[in-house]
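Comments concern the structure below.
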Amino acid sequence: MPSLIGPLRSTLLGTRIEENPLDRPGFAKPSPATAAELQRVATHLSSSIHFAVCTKNNDELIEHIRQLPEQYQGFAFEGAATGLAAVDSITPFSHRAADLFTGPAAEHDLTMYVGVGLAMGKIPKPIWKKVFPKHPVYRWLAIDGYGFYNAFFRTEKYIARHHVDNRYPSWMGDTAPLKRAADQGIGRALWFISGGSVDGVAARIAEFDPSRHADLWNGIGIATTFAGGVEVADLEAILALVPQFGQQLAAGSTMVAKIRQQADSATAHTEVAVRTYTGRSIDEAAALIDKAFVGIPEDGTAASYHAWRDRLGELAAATES
């Protein structure tokens, strides 16, 4: 049963179930077919934020999410981590988000790291360290989530005016790779903001400084592989439109291949998208994740995360001999 103080936490944190999370200022209206799928993705994510905040324990939360359609559970666990990170930020000694990463739902840890970043969009920066994931490399996916949050909920500032957040806690180190990670999340959000339109998202990205394009397209590779409702013709059109960013699209798609393989939640769309961007099967692409770590410094910095991700793009975009 829900926690007795769950509704109070929901009020304090401002969580609620939105009937149409894509009906936001600055968002383009998608086609009916695309709208249905993007709506399902956004709804599962946002409703799981609210449910997590209201639950009494993680077992109850996991049981609830396991009842959802398998292909949407990753989005739901992302939302769950968002809600729990928010709860942890205002609750002394609470570590429910960290427990979720390593508990019975650990196969969804990569999406949950991103979910923490969504919560960081509302958590004061001095408190970030309390909820920030501990994995030496994948923890930087939280900054992707932070970028997504800013683009999705602060669209005028971060999309229309192309604002760049230069203020990060000093313990995170050099801000340059942090801004790149945030741009990956902004790119993911742009797919939703542009209504799943290839021409629309290309026009939006073109308005940003060219130095940011590669990371934004990396986010598009993630979004168009993870979310359904994307036709093969659209995937091929993206590749044809920006062949110079083939490595970034392949890197993003390969990350999703690993997420889906690890959670045993691959769909027909996942297979098609990964094949289109990388020329590989899901299993073949996912195997590149570990290969990309070879020669990458194990120092836990955001710079090492990007060195790994860039190497992943090189491997994923390379033609198999």
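Annotations for the structure displayed:
- Residues located in region 214-271, provided they are among the aromatic types (Phe, Trp, Tyr) and in contact (Cβ under 8 Å) with a residue 40 or more places away in the chain: Phe226
- Against the numbered list (1) more than 15 Å from Ala119 (Cβ to Cβ); (2) modelled with pLDDT under 95; (3) surrounded by fewer than 20 Cβ atoms within 10 Å (Cβ to Cβ), Leu12 comes up short only at (1).
- Hey, Leu38 modelled with pLDDT of 95 or more and closer than 29 Å to Gly200 by Cα or not: no
- Any chance Lys122 is open to solvent by 60 Å² or more (accessible area, probe 1.4 Å) and under 17 Å from the mean Cα position of the chain (by Cα): yes
- Close contacts from region 40-51, counting a first residue that is under 15 Å from Ala86 (Cα atoms) and a second that is surrounded by 22 or more Cβ atoms within 10 Å (Cβ to Cβ) and of a type in the set (D, E, K, R), with Cβ to Cβ under 7 Å and a gap of 6+ residues or different chains, come to Leu45/Glu78.
- Among residues that are part of a helix (DSSP H, G or I) and surrounded by fewer than 18 Cβ atoms within 10 Å (Cβ to Cβ), Ala250 is not included.
- For region 299-312, the condition holds for at least one residue, the condition being that it is open to solvent by 10 Å² or more (accessible area, probe 1.4 Å), within 19 Å of Pro243 (Cα to Cα) and assigned to a helix (DSSP H, G or I).
- Residue in region 265-279 that is among the polar types (S, T, N, Q), surrounded by fewer than 20 Cβ atoms within 10 Å (Cβ to Cβ) and under 22 Å from Ile186 (Cα atoms) present: no
The values are calculated or read from the model by the stated rules, or taken from the named source; none is laboratory data. Nothing here was measured: the structure is a model prediction, and the numbers come from that model. Positions of Cβ are generated from backbone atoms using ideal geometry, with glycine treated the same way; all protein chains shown enter the neighbour counts. For the accessible areas, the whole protein counts, side chains as well, though only heavy atoms, and no ligand, DNA or RNA atoms are used. Shrake-Rupley method; radii C 1.70, N 1.55, O 1.52, S 1.80 Å.
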